[in-house]
Amino acid sequence: MPPQSFYVRPLAPRHRHCIALDVSRFSALDVAGQAHVRTELFAITEGVAADLQVNCRPGVHSDRGDGLMLVTDCGIEVLVTDFPRRLGDAVRRYNEDASPDVRVQLRQALDAGYVHQDDRGYAGVPLNRAARLLDAPEFKAKMMEHGAEFAVIISTELYEEIQEYHLLDERKLEKVQVDVKETHTMARMWIP
């Protein structure tokens, strides 16, 4: 008997921007520290998003424990300029007042493309790629090398789409090799 084939229904993808956030060394914190950092991460991120009118509400973001995955359709100029700058400033302000054991180093990945939304969230290549960008060993190493509390990595695909609009300061960008799971690409990073 031949194997049963399943019909995969067509989807209704939408082009969206993806922001992935991850707190470095989160699992090294005790549970109280993790709870505190999660609360602060949500407050900081939601505050910056609200100030910039970036949709950040249940249904359009996903809690990753030690990070967040945001999906939005706001303007790309906000996501590559204002959002990272303000988020980085907010992280640095938080760290100035936080005790050393709950200071954070936050990584942000940016990508864009077609995603599908269902009852549980989103699926799509840019979400997977953003998660892989966050985990790139070279990205993490360069953050440590610079002593950065916050840094951003952007996919090659998104970088190439927006390069001609001069949204990013080329002098501040560093190339980063990404070899994580099935993702093998070059990306760009910067410290806002």
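The values are calculated or read from the model by the stated rules, or taken from the named source; none is laboratory data. This one's a predicted model, so the numbers in the text were calculated from it and none came from an experiment. As a convention, Cβ positions derive from the backbone with ideal geometry for all residues, glycine included, and neighbour counts pool all protein chains shown. Only protein heavy atoms, including side chains, enter the accessible area calculation; ligands, DNA and RNA are left aside. Shrake-Rupley method; radii C 1.70, N 1.55, O 1.52, S 1.80 Å.
Test each condition in (1) farther than 17 Å from residue 23 by Cα; (2) out of contact with any helix residue (DSSP H, G or I) (no Cβ under 8 Å at 6 or more places or on another chain); (3) of a type outside the set (Gly, Ala, Ser) for residue 72 and report the one that comes out false.
So residue 72 meets the others, but not (2).
Name the residue, out of 82, 101, that is acidic (Asp, Glu), in a helix (DSSP H, G or I), open to solvent by less than 60 Å² (accessible area, probe 1.4 Å) and within 30 Å of residue 34 (Cα to Cα).
The conditions single out 82.
What number goes with the only condition from (1) of a type in the set (Asp, Glu); (2) at pLDDT 95 or above; (3) within 25 Å of residue 176 (Cβ to Cβ); (4) open to solvent by 30 Å² or more (accessible area, probe 1.4 Å) that residue 111 does not pass?
Among (1) of a type in the set (Asp, Glu); (2) at pLDDT 95 or above; (3) within 25 Å of residue 176 (Cβ to Cβ); (4) open to solvent by 30 Å² or more (accessible area, probe 1.4 Å), the lone unmet condition for residue 111 is (4).
Could you please find all residues in segment 155-185 being touching a residue at least 40 places away in the same chain (Cβ under 8 Å) and of a type in the set (Phe, Trp, Tyr)?
Once the filter is applied, which keeps residues that are touching a residue at least 40 places away in the same chain (Cβ under 8 Å) and of a type in the set (Phe, Trp, Tyr), segment 155-185 yields only 165.
Give me the residue from segment 65-79 that is assigned to a loop (DSSP other than H, G, I, E, B) and under 19 Å from residue 134 (Cα atoms) and, out of that set, least open to solvent (accessible area, probe 1.4 Å).
That would be 65.
Evaluate the following for residue 152: is it at pLDDT 95 or above, farther than 22 Å from residue 45 by Cα, under 17 Å from the mean Cα position of the chain (by Cα) and surrounded by 13 or more Cβ atoms within 10 Å (Cβ to Cβ)?
no
Can residue 5 be described as farther than 22 Å from residue 158 by Cα, of a type outside the set (Asp, Glu), open to solvent by less than 30 Å² (accessible area, probe 1.4 Å) and at pLDDT below 95?
In short, no.
Of 118, 101, which residue is under 30 Å from residue 15 (Cβ atoms) and modelled with pLDDT under 95?
118
Here are 25, 38, 16: which of them is among the charged types (D, E, K, R) and without any contact (Cβ under 8 Å) to a residue 60 or more places away in the chain?
None of the others qualify; the one that does is 38.
State all residues of segment 155-183 that are in a strand (DSSP E or B) and either crowded, with 16+ Cβ neighbours inside 10 Å or in contact with a strand residue (DSSP E or B) (Cβ under 7 Å, 6 or more places away or on another chain) (or both); if no residue qualifies, say none.
Result: 155, 174, 175, 176, 177, 178, 180, 183.
Can you report the number of residues in segment 149-161 which are of a type outside the set (Phe, Trp, Tyr) and more than 12 Å from residue 108 (Cα to Cα)?
Matching residues across segment 149-161 total 5.
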